[in-house]
1. Which entries of LYS2/LYS25; LYS14/LYS98; LYS3/LYS140; LYS25/LYS127; LYS30/LYS127 show an alpha-carbon separation above 20 angstrom in the structure shown?
2. Using only DSSP helix segments of four residues or longer, with each worth -39500 (n - 2.57), what per-residue ellipticity at 222 nm results for the chain after dividing by its residue count and rounding to 500?
3. I need MET1, MET41, MET111 ordered by Cβ neighbour count within 10 Å, fewest first.
4. Which whole-number percentage describes the relative contact order of the chain, with Cα contacts under 8 Å and a sequence gap of 6 or more?
5. Helix by helix through the chain, keep the DSSP H runs that span 24 Å or more along the axis on Cα and average at least 1.0 on Kyte-Doolittle, and give those back in order.
6. As I understand it, the dipole of the chain uses +1 on the Cβ of Lys and Arg and -1 on the Cβ of Asp and Glu, about the Cα centre. Which of THR15, MET111, VAL70 lies farthest toward its positive end?
7. Could you work out how much longer the chain between LYS128 and LEU108 gets when fully extended? Use 0.36 nm per residue separation minus the Cα distance between them, nm to one decimal.
8. Modelling each spin label as a point 7 Å along the Cα-to-Cβ direction, I'd like the LEU53/ASP38 distance in nm, to one decimal.
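Throughout, read-outs are computed from the coordinates displayed, never taken from laboratory work. Note that the structure is a prediction, hence the values are computed from the model and not measured. Cβ sites come from the backbone with ideal geometry, for glycine too, and all protein chains shown count toward neighbours.
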Amino acid sequence: MKKIIFIGTSGSGKTTLIEALRGEKLVYRKTQYIDYSDNFMDTPGEYAEGNDLAGALAVYSYESDIVGLVLCATDDFCVFPPACAPVANRPVIGIVTKCDEQDANPELAKMRLELCGCERIFFTSAKKHTGVEELLEYLK
Ligand SMILES: Nc1nc2c(ncn2[C@@H]2O[C@H](COP(=O)(O)OP(=O)(O)OP(=O)(O)O)[C@@H](O)[C@H]2O)c(=O)[nH]1
Ligand SMILES: [Mg+2]
């Protein structure tokens, strides 16, 4: 299986999605450090939210085969700048999370991730376990 790094703001649902991908029970756990112990590399959202820590994400992304930009379907902002994907020098995919939420706007999130240059977009809900199998299939 390919190694993927998940990058996105705090609370966007990276850790919960990883739990769903692993088939684990969903338990809230604040990510405190970059966890690269297996194929799902988890990162604290704060690293994506400011310039001081973002450099670490760039370095760790080179330990992965795929970069996953995680965007919550209920967010009314996007921290990823347009055309940022080519900087990664490896495939970058977009992952829309929390598609189950009532006020979710997955199509807006998709548009923003496409603007980043993501080559594929996945719509997911860890809570409803949707989009999880498609992502696992892509990572095979
Ligand atoms: N409705 C809904 N809520 C979700 C989903 N995934 C995560 N959440 C909730 O969103 C909150 C944050 O989820 P996390 O997985 O901890 O977010 P994170 O991106 O890992 O956050 P940091 O570790 O701070 O970077 C938790 O309360 C989750 O229960 C989802 O698919 N649907
Ligand atoms: Mg987390």
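1. Those over the limit are LYS2/LYS25.
2. Only helices count here, giving -8500 deg cm²/dmol.
3. MET1, MET111, MET41
4. Worked out over the chain, it gives 26 percent.
5. Correct list, ordered by number: empty.
6. Toward the positive end, the furthest listed residue is THR15.
7. On the way: separation 20, 0.36 × 20 = 7.20 nm, distance 2.03 nm.
Here the answer is 5.2 nm.
8. 2.3
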